[in-house]
Amino acid sequence: MADIILEAKSLTKIFKGFTAVNAVDLRVERGHIHALIGPNGAGKTTCFNLLTKFLAPTSGNILFNGRDITMIPAAKIARQGIIRSFQISSVFPHMTVIENVRIGLQRPLGTSFSFWKSSESLNQLNARAMELLEEVDLADFADIVTVDLPYGRKRALEIATTLAMQPELMLLDEPTQGMGHEDVDRVTALIKKVSVGRTVLMVEHNMHVVAGICDRISVLQRGAILAEGTYADVSSDPRVMEAYMGTSPQGVEGGH
């Protein structure tokens, strides 16, 4: 039997009579990279905001490791090990790369955001911080002020700070949005690399990005699950091709 880390049951969100998310059932298996994709306006961002507790559902339930977390606030689920990258772990632009990672490392020590601590007391964290920077290919950038990093490298740093918080479930919100091809390829490879031994749920608009790294893909359309399965399953589904305005798998592959 599959080991399910996150489950949504009949998840629904209605805004002033408009149903943005409609009775979504979702099961994320432990150790998988699971993508939530769909064309613009499909409801994937709203669904993601429900799962990460940035929005409260109109109805339905969310379970994490079998426990109902539907009514638990976002900060508390973060402490339980659900870490949403690119929001919770947004980087501090005027700190160096290694300083950003050290702040993430303080959370499990119970000294989070103790900015008044002397820098010497944080040096014990340097070795682990450098290990994380190695993992995301940023070791050579450790002493660079974050504002000076290229865009794709900032995303890599955000992943490193998320990893520093020891996530059991890592949630990535549009990790390649706004990137050129080179950065897209680098960040896609990075997600694959850091997912080993972890569980990742990501929202993505581009099926080409998820094609090579995702174990399972859920396709949303008009707030409901349209199709689900492996990339081979969903990319050959006529309903998915139609949703992405393509009439062939090639059309779907390139869909944004």
If you check 169, 201, 163, 190, which single one turns out to be open to solvent by less than 20 Å² (accessible area, probe 1.4 Å), under 13 Å from the mean Cα position of the chain (by Cα) and more than 27 Å from residue 76 (Cα to Cα)?
-> 190
Considering only residues of the range 205-256 that are of a type in the set (D, E, K, R) and open to solvent by 50 Å² or more (accessible area, probe 1.4 Å), which is modelled with the lowest pLDDT?
-> 253
Within the range 12-29, is there a residue that is in contact (Cβ under 8 Å) with a residue 60 or more places away in the chain and under 21 Å from residue 192 (Cβ atoms)?
-> yes
Confirm whether residue 48 is open to solvent by less than 30 Å² (accessible area, probe 1.4 Å) and among the aromatic types (Phe, Trp, Tyr).
-> yes
Answer yes if at least one residue in the range 40-51 is among the small types (Gly, Ala, Ser) and part of a strand (DSSP E or B), and no otherwise.
-> no
Mind listing whichever residues of the range 52-86 are of a type outside the set (Val, Ile, Thr) and either touching a Phe, Trp or Tyr at 6+ places or on another chain (Cβ under 6 Å) or in a helix (DSSP H, G or I) (or both)?
-> 74, 75, 76, 78, 79, 80
How many residues, within the range 89-128, are modelled with pLDDT under 75, part of a helix (DSSP H, G or I), of a type in the set (A, V, I, L, M, F, W, C) and open to solvent by 40 Å² or more (accessible area, probe 1.4 Å)?
-> 1
Unique match (being at pLDDT 85 or above, more than 28 Å from residue 21 (Cα to Cα) and open to solvent by less than 10 Å² (accessible area, probe 1.4 Å)) among 136, 145 | 136
Unmet requirement for residue 56, which otherwise passes all of (1) more than 15 Å from the chain's Cα centre (by Cα); (2) open to solvent by less than 60 Å² (accessible area, probe 1.4 Å); (3) among the small types (Gly, Ala, Ser) = (2)
Within the range 7-40, residues being over 16 Å from residue 55 (Cβ atoms), modelled with pLDDT of 95 or more and open to solvent by less than 50 Å² (accessible area, probe 1.4 Å) number 7
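The values are calculated or read from the model by the stated rules, or taken from the named source; none is laboratory data. Computed from a prediction, not measured in an experiment: that's the story for all the values here. Ideal geometry is used to build each Cβ from the backbone, glycine not excepted, and the neighbour counts take in all protein chains shown. In case anyone asks, the SASA skips ligands and DNA or RNA and just uses the protein heavy atoms, side chains included. Shrake-Rupley method; radii C 1.70, N 1.55, O 1.52, S 1.80 Å.
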